[in-house]
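The values are calculated or read from the model by the stated rules, or taken from the named source; none is laboratory data. These numbers come from a predicted model, not from an experiment. Reconstructed Cβ throughout: ideal geometry from the backbone, glycine too, with neighbour counts over all protein chains shown.
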Amino acid sequence: MDKIIQVKEILRKKSKNYNNNFQNIEDFIKKEIYEIKKLKQNSENIIPEISFDKLSNDTHSIVKLIKKRGCVIIRDVFDDNRVLELDKSLENYIIQNNYYEHQKKKVGLDNYFSDLKSGKPQIYGLYWSNSQSEIRHSEEMQTVKAFLNNLWIYENDEYKVFDPNRELCYADRVRRREPGDNSLGLSPHCDAGSVERWTDPSYQIIYNNIFSDNFNNYDPFNAKYRDRTIEFESPAVAHVFRTFQGWTALTEQGPKDGTLQLIPIAKAMAYVLTRALLDDVPENELCGSKVGKALSVNETYHSLLLEGLISIPKMYPGDTIWWHPDVIHAVEDIHLGKNYSNVIYVGSTPYCKKNLDYIKNQSKKFLDGKSPPDFAAEDFEVNYKGRVTEKDLSLLAKKQLGLIDWN
Ligand SMILES: [Fe+2]
């Protein structure tokens with residue numbers, strides 16, 4: 001707690017007047033929120049969208065919008081029928097291997113989201129099913145991720161942060177929400193560090209322009225030092241650098257189907273960071289953010305930002321959604337739809353030392369069929385039938401999993 005008091009002092013001193021600095025940032029956010037609300041009123045697209053087959057065209061105007069909103073929907077990455085088959089295959093994997101019985105016995109290991117108001121979502125601790133592997137290591141996904149990684153400034157005067165065209169795959173979980181589920185949403189948050197965003201020396205450099213009255217020059221897509229942040233140890237905090245978090249829809253799902261919500265403002269983190277320095281926040285607190293938990297965005301301190309929270313539009317099987325690691329997101333509390341709303345999480349984790357270090361550890365877990373290092377060690381899949389093993393992998397998949405060198 002003393003650390004927070006100290007760090008606030010250091011960060012406040014970066015500005016001539018931290019109240020004015022916050023005010024300036026708040027004015028910017030107000031304009032963004034106004035724009036979002038206006039588009040919503042007119043039922044216009046808020047999140048930029050592009051179809052997979054247009055990724056190689058001139059994307060200049062959409063790139064500008066992606067950088068402003070910090071998110072993008074890339075549609076039709078996979079054919080509908082292929083994805084529906086993968087969804088079915090995943091369901092079989094779950095049922096044949098008696099996942100529900102195993103899961104009941106291990107509840108409680110994963111407490112990352114336990115402080116978020118809505119409790120634990122319907123997220124499955126499965127990583128190595130054929131369906132996940134096929135999507136994760138597909139050529140289509142490689143193309144999408146190269147597009148996304150290339151939106152970043154990945155080289156600077158000091159070093160090359162990452163290689164945008166070589167991907168290392170971060171194995172993540174599956175979300176399957178059954179119709180009528182009303183208790184398992186996620187309140188607004190950010191991953192990739194909570195308290196660290198103020199206290200970690202690399203984050204302090206990343207966000208230096210924000211704290212030092214230079215918000216206009218802050219570029220959330222400058223990757224410098226993003227690969228060097230060090231997170232506090234916690235059972236479920238990502239220890240990789242993701243250019244984007246994301247998922248692929250396995251089923252049709254839209255607003256009110258228990259889907260994803262975003263605050264589509266790439267620079268919203270500036271508001272969260274500088275808000276915590278104001279005098280109405282207890283000196284030893286950071287607006288509700290706690291070590292080892294997701295960064296909290298709440299009514300008490302961030303009501304303005306929450307006005308910009310929108311549900312993503314209807315997604316169809318094979319569509320993908322991507323959001324910048326600083327973009328605040330949530331999952332709707334209630335699933336009022338009639339069908340399962342299922343997604344496979346696949347983030348974008350380009351080749352860099354931080355990701356390679358993680359992937360090497362992850363590959364050991366993969367070979368044993370265990371849960372990846374970032375997640376609770378539930379290890380459900382060790383003896384599962386149909387689990388993907390090394391012999392099932394393509395050359396690309398082996399490179400992406402760090403089993404052979406990427407050259
Ligand atoms: Fe999240």
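Odds and ends about this structure:
- Every residue from segment 238-279 that is among the small types (Gly, Ala, Ser) and over 20 Å from residue 207 (Cβ atoms): 246, 249, 254, 258
- Criterion: within 30 Å of residue 3 (Cα to Cα), in contact with a strand residue (DSSP E or B) (Cβ under 8 Å, 6 or more places away or on another chain) and of a type in the set (D, E, K, R) - qualifying residue of 219, 227: 219
- All of 355, 361, 339 fail the test of being of a type in the set (S, T, N, Q), more than 17 Å from the chain's Cα centre (by Cα) and modelled with pLDDT of 95 or more, apart from 361.
- Among the residues of segment 5-64, those identified as among the β-branched types (Val, Ile, Thr) and within 29 Å of residue 211 (Cβ to Cβ) are 5, 7, 10, 25, 29, 33, 36, 46, 47, 63.
- Unmet criterion (only one of (1) within 16 Å of the ligand (Cβ to nearest atom); (2) at pLDDT 95 or above; (3) on the phi > 0 side of the Ramachandran plot; (4) of a type outside the set (Phe, Trp, Tyr)) for residue 213: (1)
- Whether a residue is modelled with pLDDT of 95 or more and not in a loop (DSSP other than H, G, I, E, B) was assessed, and residue 77 does not pass this test.
- The residues of segment 380-398 that are assigned to a loop (DSSP other than H, G, I, E, B) and surrounded by fewer than 18 Cβ atoms within 10 Å (Cβ to Cβ), listed by number, are 382, 383, 385, 386, 389, 394.
- Residue check for residue 15: free of Cβ contacts under 8 Å to residues at least 24 places away in the same chain and either of a type in the set (S, T, N, Q) or assigned to a loop (DSSP other than H, G, I, E, B) (or both): no
- Matching residues, segment 56-74, being at pLDDT below 95 and touching a Ser or Thr at 6+ places or on another chain (Cβ under 9 Å): 56
- Index of the failed condition, residue 254 passing every other in (1) surrounded by fewer than 24 Cβ atoms within 10 Å (Cβ to Cβ); (2) touching a strand residue (DSSP E or B) at 6+ places or on another chain (Cβ under 6 Å): (2)
- Residue match in segment 191-201 (condition: within 15 Å of the ligand (Cβ to nearest atom) and in contact with a Pro (Cβ under 8 Å, 6 or more places away or on another chain)): yes
- Residue among 159, 154, 170, 127 that alone is over 30 Å from residue 302 (Cα atoms), within 16 Å of the ligand (Cβ to nearest atom) and at pLDDT 95 or above: 170
- The lone criterion from (1) in contact with a Leu (Cβ under 7 Å, 6 or more places away or on another chain); (2) among the hydrophobic types (A, V, I, L, M, F, W, C); (3) crowded, with 22+ Cβ neighbours inside 10 Å left unmet by residue 315 is number (1).
- Residue, farthest from residue 228 (Cα to Cα), within segment 316-371, restricted to residues that are away from the ligand (no atom under 16 Å from the Cβ), among the hydrophobic types (A, V, I, L, M, F, W, C) and outside any loop (DSSP other than H, G, I, E, B): 367
- Here residue 320 meets the list (1) without any contact (Cβ under 8 Å) to a residue 60 or more places away in the chain; (2) among the hydroxyl-bearing types (Ser, Thr, Tyr); (3) within 29 Å of residue 43 (Cβ to Cβ); (4) in contact with a helix residue (DSSP H, G or I) (Cβ under 9 Å, 6 or more places away or on another chain) almost entirely, failing just condition (1).
This table checks each residue for (1) touching a residue at least 40 places away in the same chain (Cβ under 8 Å); (2) over 17 Å from the mean Cα position of the chain (by Cα); (3) away from the ligand (no atom under 16 Å from the Cβ).
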site: 217; (1), (2), (3): no, yes, yes
site: 223; (1), (2), (3): yes, no, yes
site: 240; (1), (2), (3): yes, no, no
site: 246; (1), (2), (3): yes, no, no
site: 250; (1), (2), (3): yes, yes, yes
site: 263; (1), (2), (3): yes, no, no
site: 273; (1), (2), (3): yes, yes, yes
site: 277; (1), (2), (3): yes, yes, yes
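- Residues in segment 366-378 that are surrounded by fewer than 19 Cβ atoms within 10 Å (Cβ to Cβ), modelled with pLDDT of 95 or more and within 14 Å of residue 173 (Cα to Cα): 369 alone.
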